[in-house]
Amino acid sequence: MQQTKDQNSAVTELDASGLKCPMPVLRANRALRNVAPGGLLRVRATDPAAQADFPSFCQTTGHALVEAKAEDDAWVFLLRKKS
């Protein structure tokens, strides 16, 4: 995991490439523990199931799915941690 600056706010990056369901979501859940409320986590995942898993994860946990997009051979999700 690493921290980067994105539009004047810290974004924590998580590369879950190569991990199969449910690991991308589990790793994201763990990474969110270190993100301040309202902070952002960007997750890169190559598992096709992630496309359905992350919206469901956010709906269940109360985090916001800010963006989900295909990028090269992966999906990139931007999550905002609930306040």
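The values are calculated or read from the model by the stated rules, or taken from the named source; none is laboratory data. None of the values given here were measured: they were computed from a predicted structure. A quick note on method: Cβ atoms are made from the backbone with ideal geometry, for glycine too, and the neighbour counts reach across all protein chains shown. For accessibility, only protein heavy atoms count, side chains too; no ligands or nucleic acids. Shrake-Rupley method; radii C 1.70, N 1.55, O 1.52, S 1.80 Å.
In table form, for the structure just shown:
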read-out	value
Selection status of residue 9, open to solvent by 40 Å² or more (accessible area, probe 1.4 Å) and modelled with pLDDT of 95 or more	no
Every residue from the range 35-69 that is of a type in the set (Lys, Arg) and without any contact (Cβ under 8 Å) to a residue 24 or more places away in the chain	69
Inter-residue pairs, beta-carbon under 9 Å, first without any contact (Cβ under 8 Å) to a residue 24 or more places away in the chain and over 22 Å from residue 34 (Cα atoms) and in the range 70-81, second assigned to a strand (DSSP E or B) and open to solvent by less than 60 Å² (accessible area, probe 1.4 Å), 6+ apart	70/76
